[in-house]
Every structure is written in C-alpha cells, then in structure tokens.
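Quick one: this structure, given as structure tokens, is what I'll be asking you about.
The values are calculated or read from the model by the stated rules, or taken from the named source; none is laboratory data. Predicted model, so just to flag it, every value in this text is computed and none were measured. Neighbour counts are summed over all protein chains in view; Cβ atoms, including those assigned to glycine, are modelled from backbone coordinates with ideal geometry.
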Amino acid sequence: MSKKQIQKDISCMDDFDPESLTPDKALEKIFTSLSRMTQTEEVPVREALQRVLANDIKSGINVPSGRNSAMDGYAIHAEDLPESGTRTLHLAGSSFAGQPFHGNVEKGECVRIMTGAIMPGTTDTVVIQEHAEKQDDTAIIIGTDTKPCSNVREAGEDLAVGDLVLQKGMRLAPADIGLLASLGIAQVPVFRKLRVAFFSTGDELRSIGEELEDGMIYDSNRYTLFGMLSRLGADIIDMGVVKDDPALLEQAFIEARDKADVLLTSGGVSVGEADYVKDVLTRLGDVNFWKVAMKPGRPLTFGKLGDTFFFGLPGNPVSVMVTFYQFVQPALRQLMGENYSPPILLKVPCLSSLRKRPGRVEYQRGVLEQQDDGSMAVRKTGKQGSGILRSMADANCFIVLPLESSGVNPGDSVDVQLFNGLV
Ligand code: AMP
Ligand code: MG
C-alpha cells in the first residue's frame, strides 16, 4: 500500500470552510444588490388580498360615521341616571341600525335603541336592556347600574378622517381588505406582480407523465418551487427541465433573462457540473458562486443576467426549499416592494437529540407541538438527509442550529422558525 495521500478538495462533507459565507452574510450581500418594484396597478379590493400595497392609505371618512349604540337598550341623558333607587323615563320612540330616530329627546325621556343605531338628539348614554324594566308601552324604569356615557361608540372611534390606515409596502391580509371596504375604497393601488421563471437541470430528471427508466427520478423541485412561489403571489413561468447541455442551458438562460424579473434554477451547481454552467453564466451576466456555511444548501449562485436576478439553487429537494426560504423568499419579498421583516424565532425545548458539528448553520426539520401539560416543544422529523423531501413534508418548522452548536441533548432549548411564518 502506498503512503501517498490523495489531494483533497473541500467538500460538502466538511464543516469548516474558511472560504464560505455565513447565511447572514450571504443574505446581506443579496439584499444590498436588490432593487424594489416601482411599477404599480390598481385592482379591485378583493383581488388586493396578498398583494403588496403601493401607496399609504388614509381614511377619507369617519368609521363609524356617527355616534352609535354599542348595545341593545335605551338611549338617555346621563343626567337622568338616578343616584339611588330607580327613575321612570318616558319612551319617546325607537332608533334602529339604518333607521335613526328623528327629533328631540327631552330630559326625562328615553329612546329604544339597537346596536349600531345612531344616538338620537343629545342623548349620551345607553342603559342596556337587561338593566331596564318596561313599565308599559310608554315608560321605562332604570336603576343605578349604568355609568354616564357608557355603551356608546364615538364617531371616528375606529378610524378618523385623515388617519393613516394602511402603510405602503405591507402585504394585505383579510383584515386589511375589510378595512379598505369599511372606507368605501373599491380600487387598491398595488405593486405589479413579480415574474419569476424557473427550470430544473439534470439528465436524470423526468416530468410527471413520462416513463421512469432505470436511474431516473421525477422532478419534484419544480413543484415545491411552484408551491412556494404561488404563496408569495408571483407570476410563475415554469420552463420545465433543461438537460445538462451547455447550448440548451445557454438558450434557457437567455430566454429567462428576456421574460422574467427573477430566474431560479435547481441542480447543476455542484462541483461536478458547475464548470460549464459557470462559463455560460459568467458570459451572460454578473454572477457570484458562493459556498454558504449552512446545511443543507451549501452551494448558492446569485447574481444578475441583464436586469434579471438569478438564483442558482442546489439540486437536492430539501436544499432547494431551505435555500428558498432563507434567501430567495426574503429577496423576492423585497423585490415585490414589501417591507420585509425577518421571520420570528421561537425558543422552545427540543425533545430529540440532534447530532451536529460546529462550523455550519443547520436547518433541521422539526415538528413543534403542544405537550400534555400545555407547553410547546419541538422534535425532529425522521432522517435529515438533503434528498429526503419527506422530512419537509412531515415538518412544520425548521430547527435552526447556530454555526457554533455542537449538537443538542433532549431538553436543551433551540430556535425554531415556523413554516407558517414563512408565508
Ligand atoms: P445536482 O446539484 O444537480 O448535482 O443534484 C443534486 C441531487 O439532487 C441529485 O441527486 C439530483 O438527482 C437531485 N435533483 C436535482 N434536481 C432535482 C429535481 N428537480 N427534482 C428532484 N431531485 C433533483
Ligand atoms: Mg444535476
């Protein structure tokens, strides 16, 4: 046996790589080169759901428009409230939501009123019906249960004329489109949808419907990407599978550059295949090839092909999702004009023991669950290999283990990033 050792390159099996970027640093580099969408359009309020608001919205009216009752009962003047015992008030009429009482209400009088109905005349207090007794059709007896000015909603209490209601750059949720409707706003200014193209690379990939010969696999990355992009409200351009062929790849890059704001590819960036992709990309644009100190998802390509932002994601199905959530999704949200804030990390005890060596940030897949005692805890899903897509499907969160972590014992506290919080 020869003593000579083979010359080794740094591989994705190594944990420390002096040339690699931390995930934070990579995201920072991505953010500094991003622009923001400037093109806007107006859409009907229902279609504005999940879109990014392109202007501040101020209230043009008071909501509610007038003082009204918060309860079913009797509208009175506070000065008619007895200090002790009871008082009998003359019933002057009724005020229903949409059918106000017109006319004066004198001292010593009351008006039957329903929730949402306009407070009649100078009345300022509502005695709820449970605290009033009907003497007959024309008289009501009240006691001392009611505080002056209670059970009344002031005009503009929810929104006053001129109030800032919704801020430019927010993604509109159901409550937001409800608020817009409450202001009578029919058309909403939003940023144009981002056009995101993607394709998969690999001679081994087959599409659904094709026969799976020996050694071939179905392309799943185009489906996870489709899912993640749909949730973000992107205009999706699925370019299919492109073979590991320099000419075909070049053609696909050029096509995407011409029709998309962003291009995502998966596969073909590992060491074995990278070289000719690198040549093509370097010729077509300004592209960085990074090694990121993370697991899964170490190789990441980012840059621009003309005006099109380009992310070259790894091929492994879990790596695609991890790098999408950690880098692409924050970037796309910024490009869409959204005011991006980083996902919330929850600190919870971990029920599993997690193996890890220092040197990389790991995104293990976990299930955050309520325990019998009501507290929350996380456990890992089964096997954590970057090809095991089931580890994502079974999970509801990432367990984020920092660079320096050397593993987790059951009961240790860990950081968890909920998938729900990732849109
Ligand atoms: P690559 O980065 O091209 O070397 O791919 C790494 C691993 O991910 C290989 O096992 C590929 O077969 C697999 N892979 C690449 N692209 C896809 C895809 N679109 N769907 C499923 N697996 C893929
Ligand atoms: Mg490949």
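Taking the stated definitions as given, is residue 121 under 50 Å from the mean Cα position of the chain (by Cα) and without any contact (Cβ under 8 Å) to a residue 24 or more places away in the chain?
Here the answer is yes, as residue 121 does meet what is asked.
When you look at residue 351, is it in contact with a strand residue (DSSP E or B) (Cβ under 9 Å, 6 or more places away or on another chain) and surrounded by fewer than 20 Cβ atoms within 10 Å (Cβ to Cβ), yes or no?
yes
More than 16 Å from ligand 2 (Cβ to nearest atom), modelled with pLDDT of 95 or more, among the charged types (D, E, K, R) and touching a Phe, Trp or Tyr at 6+ places or on another chain (Cβ under 8 Å): does that describe residue 176? Lay out the reasoning, then the answer.
Details: more than 16 Å from ligand 2 (Cβ to nearest atom): yes; modelled with pLDDT of 95 or more: yes; among the charged types (D, E, K, R): yes; touching a Phe, Trp or Tyr at 6+ places or on another chain (Cβ under 8 Å): no.
Taking the combined requirement at face value, the residue does not satisfy it.
What residue, of 227, 202, is within 15 Å of ligand 2 (Cβ to nearest atom) and either closer than 30 Å to residue 48 by Cα or not aliphatic (A, V, I, L, M) (or both)?
Just a single option satisfies the conditions, and that option is 202.
Would you confirm, using the coordinates I've provided, whether residue 91 is touching a residue at least 12 places away in the same chain (Cβ under 8 Å), more than 16 Å from ligand 1 (Cβ to nearest atom) and within 30 Å of residue 39 (Cβ to Cβ)?
no
While we're on this one: What are the residues in region 216-250 that are near ligand 1 (Cβ under 10 Å from one of its atoms), at pLDDT 95 or above, part of a loop (DSSP other than H, G, I, E, B) and not hydroxyl-bearing (Ser, Thr, Tyr), if any?
Those that are near ligand 1 (Cβ under 10 Å from one of its atoms), at pLDDT 95 or above, part of a loop (DSSP other than H, G, I, E, B) and not hydroxyl-bearing (Ser, Thr, Tyr): 216, 219.
Please go through region 77-124 and pick out each residue that is touching a Pro at 6+ places or on another chain (Cβ under 7 Å), of a type in the set (A, V, I, L, M) and within 17 Å of residue 155 (Cα to Cα).
117, 118
While we're looking at this one, here's another question. Being among the hydroxyl-bearing types (Ser, Thr, Tyr), part of a strand (DSSP E or B) and surrounded by fewer than 17 Cβ atoms within 10 Å (Cβ to Cβ) narrows it down to one of 94, 84, 65, so name that one.
Among 94, 84, 65, only 94 is among the hydroxyl-bearing types (Ser, Thr, Tyr), part of a strand (DSSP E or B) and surrounded by fewer than 17 Cβ atoms within 10 Å (Cβ to Cβ).
Okay, residues lined up against (1) under 30 Å from the mean Cα position of the chain (by Cα); (2) of a type in the set (Asp, Glu); (3) exposed (fewer than 13 other Cβ atoms within 10 Å of the Cβ):
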{"site": "4", "(1), (2), (3)": "no, no, yes"}
{"site": "23", "(1), (2), (3)": "yes, no, no"}
{"site": "53", "(1), (2), (3)": "yes, no, no"}
{"site": "56", "(1), (2), (3)": "yes, yes, no"}
{"site": "100", "(1), (2), (3)": "no, no, no"}
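Which fully enclosed strands (runs of 3 or more DSSP E) of region 319-406 have 2 or more residues being within 30 Å of residue 33 (Cα to Cα)?
345-349, 361-370, 397-401
Here is a follow-up. Looking at 306, 240, which one is touching a helix residue (DSSP H, G or I) at 6+ places or on another chain (Cβ under 6 Å), on the phi > 0 side of the Ramachandran plot and of a type outside the set (Phe, Trp, Tyr)? Lay out the reasoning, then the answer.
Working: 240 fails: touching a helix residue (DSSP H, G or I) at 6+ places or on another chain (Cβ under 6 Å).
None of the others qualify; the one that does is 306.
Each row is one residue, and each column tells you yes or no for (1) surrounded by 23 or more Cβ atoms within 10 Å (Cβ to Cβ); (2) acidic (Asp, Glu); (3) under 18 Å from residue 251 (Cα atoms).
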{"site": "263", "(1), (2), (3)": "yes, no, yes"}
{"site": "284", "(1), (2), (3)": "no, no, yes"}
{"site": "294", "(1), (2), (3)": "yes, no, no"}
{"site": "299", "(1), (2), (3)": "no, no, no"}
{"site": "313", "(1), (2), (3)": "yes, no, no"}
{"site": "316", "(1), (2), (3)": "no, no, no"}
{"site": "319", "(1), (2), (3)": "yes, no, no"}
{"site": "325", "(1), (2), (3)": "no, no, no"}
{"site": "330", "(1), (2), (3)": "no, no, no"}
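Limited to region 308-338, what total is found for residues that are modelled with pLDDT under 95 and away from ligand 2 (no atom under 16 Å from the Cβ)?
0
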